[in-house]
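None of the figures in this text is laboratory data; all of them are computed from the coordinates on show. Only a predicted model underlies this, so the values are computations on that prediction, with no experimental measurement involved. Ideal geometry is used to build each Cβ from the backbone, glycine not excepted, and the neighbour counts take in all protein chains shown.
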Amino acid sequence: MAVVVVAFVLVTGVAGAILKANVVKSSLDNAKLTTVTVDSGSTVWGYASKCNVKGASTGEIAQWIEDANGIKQGKLVAGESLQLPNFEEQ
């Protein structure tokens, strides 16, 4: 009986994590995109922290920005254009 309960808890936890990941990906993929020009000294994390995507952490948003814009190792170049999800200039 204890093994069944542990297995159920593990399966439920994994299913919940997969569901959350799918919801976050959907939120990011369906977000309103804004094009910005990178300022000198800006970082992916800095831009990600200004994006308001329900359910997504700053890290998840930063990863999405890198993937969507073809950025390698978080390196930005001043003057290049970036697509950002639900960006809110502060």
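Structure values in brief
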| read-out | value |
| --- | --- |
| Residues that are among the β-branched types (Val, Ile, Thr) and closer than 15 Å to Asp29 by Cβ, drawn from segment 40-90 | Val53, Ile61, Ile65 |
| Residues of segment 24-45 that turn out to be loosely packed, with under 13 Cβ neighbours inside 10 Å and within 18 Å of Val77 (Cα to Cα), as a count | 5 |
| Residue selected from segment 46-87 under the condition in a loop (DSSP other than H, G, I, E, B) and touching a strand residue (DSSP E or B) at 6+ places or on another chain (Cβ under 7 Å), by the criterion surrounded by the fewest Cβ atoms within 10 Å (Cβ to Cβ) | Gly79 |
